[in-house]
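Structure record follows, encoded as C-alpha cells.
The values are calculated or read from the model by the stated rules, or taken from the named source; none is laboratory data. Every value quoted in this text rests on a predicted model; they were computed, and no experiment measured them. Note that each Cβ is placed from the backbone with ideal geometry, even for glycine, and that neighbours are counted across all protein chains shown. Ligands, DNA and RNA are excluded from the accessible area calculation, which covers all protein heavy atoms including side chains. Shrake-Rupley method; radii C 1.70, N 1.55, O 1.52, S 1.80 Å.
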Amino acid sequence: MGFFDDIAPLRYEGPESDNALAFRHYNPDEVIAGKRMEDHLRFAVAYWHSFAWEGGDPFGGPTFQRPWHLQTGMGSDMDRARVKLDAAFDMFDILGQPYFCWHDADIRPEGDSFAASLRNFQTIIDLIEDKMASRRIGLLWGTANMFSHRRWMSGAATNPDPDVFAYAAATVKTCMDATHRLRGENYVLWGGREGYETLLNTDMARELDHLGRFLTMVVDYKHKIGFTGTILVEPKPQEPSKHQYDFDAATCFGFLQKYGLEGEVKLNLEQGHAILAGHSFEHEIATAAALGVFGSIDMNRNDYQSGWDTDQFPNNVPEVALTYYHILRAGGLTSGGTNFDAKLRRQSLDARDLIAAHAGAMDVCARGFKAALAMIEDGGLEAALADRYAGWDSPEAQAMLQSDFDTIFDRVLSGAVDPQPRSGAQERLENYVNRFV
Ligand code: XLS
Ligand code: NI
Ligand code: NI
C-alpha cells in the first residue's frame with residue numbers, strides 16, 4: 001500500500017466545486033494569453049520539504065513519521081530512499097505538475113565516503129530517469145545541499161579549509177552532471193552557509209573571491225558539458241548564517257558584476273527570502289528584471305510576525321497577483337518556474353494535507369496569475385506609468401540626459417525650468433489593483 005493510495009489524481013472542477021482535493025482555478029490546459037496555464041505557471045514540487053523534511057523544529061523532533069523516514073521506515077538507507085522516490089512520483093502523478101526539484105541529499109542517503117555517497121546518488125538518478133521516461137514531468141532544477149552535513153558548518157566555497165572547497169566543487173560537479181542528464185532546465189546555487197557568524201574569524205574579501213572563483217568554475221563546467229540550462233543563484237539575507245553573502249537581488253547582481261558573471265548567471269528569487277531582507281517579493285522581481293537577471297521563483301512566503309523562514313505555501317492572492325504582474329512585465333517565466341519550496345505546518349500529518357497544500361497553492365497562483373494578466377491586458381498600471389513619466393518623452397528631456405551639469409545649469413538659471421509637483425496617485429492605483437484581485 002503506497003502512502004497516497006486513497007487519493008485520486010486531481011482534476012479541475014471549477015470555482016464552484018466543494019471537493020477539497022480538486023483544482024478550482026488552476027486548469028492546466030486552459031489557454032490564456034495564447035498559452036496553456038501550465039506553460040505560464042510552470043509549477044514545481046520541492047523534494048526536500050515534501051519528502052525529506054520530517055516535521056522537526058528547534059524544540060522538538062520529527063512529527064511526520066513517513067514510511068521512508070529513519071525512525072519509522074524499514075530496511076536500509078537505500079531501501080528507504082527508494083520508498084521515498086516511489087511516494088514522490090505517486091504525488092507527482094496526483095498533482096500532475098510539470099516539474100520537480102531536488103538537492104542531492106534529499107534523494108540519496110549519505111555514504112561513508114564521497115565515492116559511496118556518489119554511488120547512492122547515481123543509483124537514485126538512474127531510478128529517477130526511468131520514472132521520468134514514462135511520464136510527462138521535467139526537472140526544473142537540481143542543486144547540492146552544502147549546508148546540512150557538519151562538514152559544511154563554516155561554509156562550502158567560502159570555507160576557510162581548502163579541502164571543503166574541493167569537496168564542494170566535486171559535489172556540485174556531480175549534481176550538475178545529474179541535472180544535465182535528466183535534462184534539467186536550470187541549476188540552482190543557494191548559498192547555504194556561504195556567509196559568516198562573526199567578522200572576528202572571517203576574512204570577507206578572501207571568502208568573496210573564493211565564491212567568485214567557485215561560481216566561475218560552475219559556469220565553465222556548464223559550458224564544458226554542454227548544459228544549456230540557466231545557472232541560478234538564490235539570494236537570502238540570513239539564516240542559517242547570521243549574514244549571507246547573497247543578501248538580496250541587488251547584492252547578488254553586484255557580486256556577479258564584480259566577477260564578470262552577470263551575463264551567465266540569473267537569480268532564483270524566493271518570497272520568504274525577500275521578506276527576510278525587508279523587501280516585498282515584487283521589489284526583488286522588479287530589481288532583478290531591471291538589472292537583466294530575473295530567472296525563476298520559489299513561491300513560498302514567511303509568516304509576517306515570526307521573523308524566520310517558515311516556507312509557507314502561498315495563500316494570499318493579492319500578493320501573488322503583484323508577483324506575477326512583475327514577472328509578466330519582465331517577459332514571464334521563460335526557462336524559470338514557480339517552485340513550491342514550501343513545507344507543511346508541523347501538525348499537518350496526513351498525506352492529504354500534503355496534496356491539499358499543493359493544490360491550494362496552485363489555485364492561489366492561478367488566481368493571482370489571472371488577476372495579473374487581466375491588469376496587463378487592461379493596461380491601467382502601464383498607462384499610469386506612461387503618464388507619470390511622459391515628460392521624459394520630450395526631445396529636450398532626452399537631450400538633457402546626454403548633456404552635462406553646466407548645460408543643465410544654464411537652462412535652469414534662464415528660468416526655462418519650473419517644476420510642478422504632481423500627485424503620485426497611490427491610493428487610486430491601489431484601488432485599481434483591488435478591482436482585479
Ligand atoms: C533555503 C532555500 C533552499 C533553496 C535550495 O532557504 O530556499 O531551499 O531553495 O537550496
Ligand atoms: Ni528558503
Ligand atoms: Ni528556496
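Assorted remarks:
- Among residues of region 255-272 that are at pLDDT 95 or above and within 12 Å of ligand 1 (Cβ to nearest atom), those with a beta-carbon under 7 Å from a residue that is small (Gly, Ala, Ser) and not in a loop (DSSP other than H, G, I, E, B) at least six positions away or on a different chain give the pairs 267/249; 267/288; 267/295; 268/295; 268/296; 269/249; 269/288.
- Every condition in (1) of a type outside the set (Lys, Arg); (2) open to solvent by 20 Å² or more (accessible area, probe 1.4 Å); (3) at pLDDT 95 or above holds for residue 304 except the one numbered (3).
- Of the residues making up region 206-251, just one is of a type outside the set (Ser, Thr, Tyr), open to solvent by 30 Å² or more (accessible area, probe 1.4 Å), part of a loop (DSSP other than H, G, I, E, B) and away from ligand 1 (no atom under 15 Å from the Cβ), namely 226.
- Just one residue in the set 231, 297 is away from ligand 3 (no atom under 15 Å from the Cβ) and either farther than 21 Å from residue 156 by Cβ or aliphatic (A, V, I, L, M) (or both); that residue is 231.
- Selection status of residue 47, in contact with a His (Cβ under 8 Å, 6 or more places away or on another chain) and aromatic (Phe, Trp, Tyr): yes
So that you can scan it fast, the table gives a plain yes or no per residue for (1) modelled with pLDDT under 95; (2) closer than 17 Å to residue 5 by Cα; (3) of a type outside the set (Asp, Glu):
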{"position": "50", "(1), (2), (3)": "no, yes, yes"}
{"position": "53", "(1), (2), (3)": "no, no, yes"}
{"position": "63", "(1), (2), (3)": "no, no, yes"}
{"position": "71", "(1), (2), (3)": "yes, no, yes"}
{"position": "78", "(1), (2), (3)": "no, no, yes"}
{"position": "85", "(1), (2), (3)": "no, yes, yes"}
{"position": "90", "(1), (2), (3)": "no, yes, no"}
{"position": "94", "(1), (2), (3)": "no, yes, yes"}
{"position": "104", "(1), (2), (3)": "no, no, no"}
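- Hey, residue 277 at pLDDT 95 or above, over 20 Å from residue 37 (Cβ atoms) and open to solvent by 30 Å² or more (accessible area, probe 1.4 Å) or not: no
- Every condition in (1) within 10 Å of ligand 1 (Cβ to nearest atom); (2) touching a Phe, Trp or Tyr at 6+ places or on another chain (Cβ under 8 Å); (3) open to solvent by 10 Å² or more (accessible area, probe 1.4 Å) is met by residue 298 except one, and the failing one is (3).
- Only residues that are closer than 23 Å to residue 327 by Cα, open to solvent by less than 30 Å² (accessible area, probe 1.4 Å) and assigned to a helix (DSSP H, G or I) were counted in region 1-52, giving 4.
- Residue among 323, 334 that is within 16 Å of ligand 2 (Cβ to nearest atom), under 27 Å from residue 39 (Cβ atoms) and among the polar types (S, T, N, Q): 323
- When we screen 337, 332 for residues that are touching a residue at least 24 places away in the same chain (Cβ under 8 Å), surrounded by 10 or more Cβ atoms within 10 Å (Cβ to Cβ) and at positive phi, the only hit is 332.
- Flag for residue 288 being under 17 Å from the mean Cα position of the chain (by Cα), under 26 Å from residue 99 (Cα atoms) and more than 16 Å from ligand 1 (Cβ to nearest atom): no
- Residue in region 194-201 that is more than 16 Å from ligand 3 (Cβ to nearest atom) and assigned to a strand (DSSP E or B) present: yes
- Remark: pairs (first residue in region 408-431, assigned to a loop (DSSP other than H, G, I, E, B); second residue of a type outside the set (Gly, Ala, Ser); Cβ separation under 7 Å; 6+ apart in sequence or on different chains) = 417/411.
- Reported count of residues in region 89-103, each being open to solvent by less than 10 Å² (accessible area, probe 1.4 Å) and under 17 Å from residue 176 (Cα atoms), is 3.
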